[in-house]
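Trainee: Before I ask anything, here is the structure I am working with.
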Amino acid sequence: VILARHPKIRVIFAGGKINKSRDGFWGGMTMDFISHLKPDIAFVGAVGVDVLENSVSTYDIEDGINKAQIIRVSKRAYVVAEAKKLSSDGNYNYASLDTLSGLITDAMPEEKVRAAAASYGVEIIVP
């Protein structure tokens, strides 16, 4: 809602079934909607990011399917995750880091994680 107030940002919500626990939409209608998009940039969250294993994960399969689809159709995609999630893992891998443009986190990770990310061409951004 805050982004929608910005004059140069257009916010679009996908339709479909709402998942009240995740505050998002999913299902066939959502996947169809996403498949027709051509976004310049996408930001997705994650339960876990295992940089050393080239894995981005979540707990919910349908959530992961939606995120994988938006990554596929976007020109650039970034995963947003707190630094503590860089040592966590969900039970459904929805992307590999080498399909992303970058990782946005709240603290610079250790050198071996930075080196692994660089080997995949993934930029680590700490605002």
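Trainee: Looking only at the chain, where both bridge partners belong to it, what percent of the DSSP beta bridges are antiparallel (to the nearest 5)?
Mentor: So the antiparallel bridges amount to about 45 percent of the total.
Trainee: For G45, list long-range residues whose amide hydrogen, built 1.01 Å from N in the peptide plane, is under 5 Å from its own amide hydrogen.
Mentor: V80
Trainee: First compute the accessible area of the stretch 1-96 with a 1.4 Å probe, then give the percent of it belonging to carbon and sulfur atoms.
Mentor: The C+S portion of the solvent-accessible surface of the stretch 1-96 is 55 percent.
Trainee: Also, I was wondering about something else. Please list the non-local residues whose amide H lies under 5 Å from the amide H of I124, H modeled 1.01 Å from N, same-chain partners needing a gap of 5 or more.
Mentor: When sequence neighbours closer than 5 places are left aside, the close amide H contacts are L103.
Trainee: With a 1.4 Å probe and all protein chains left in place, how much accessible area per residue does the chain have, in Å²?
Mentor: Per residue, the chain has an accessible area of 62 Å².
Trainee: On to the next question. At q = 0.24, 0.27, 0.29 Å⁻¹, what is the base-10 log of I(q)/I(0) for the stretch 67-127 according to the Debye formula with one equal point scatterer per Cα and no solvent? Please give it to two decimals.
Mentor: Calculated log10 I(q)/I(0) at the listed q: -1.11, -1.33, -1.42.
Trainee: Using the C-alpha gyration tensor of the chain, what are the square roots of 5 times its eigenvalues, in whole angstrom, with the largest one first?
Mentor: 25, 17, 14
Trainee: Taking the Cα centre of the chain as origin, sum charge times position over the Cβ atoms of Lys and Arg (+1) and Asp and Glu (-1), and report the length of that vector in debye to the nearest 20.
Mentor: Magnitude of the dipole: close to 600 debye.
Trainee: Please return the longest range in the chain lying between exposed loop sites, taking trypsin sites (Lys or Arg not before Pro), DSSP loop only, at most 10 other beta-carbon atoms within 10 Å, and leaving the sites out.
Mentor: 21-74
The values are calculated or read from the model by the stated rules, or taken from the named source; none is laboratory data. Computed from a predicted structure; not experimentally measured. We place every Cβ from the backbone using ideal geometry, glycine too, and count neighbours over all the protein chains shown. To get the accessible areas, we keep the full protein, side chains included, count just its heavy atoms, and leave off ligands, DNA and RNA. Shrake-Rupley method; radii C 1.70, N 1.55, O 1.52, S 1.80 Å.
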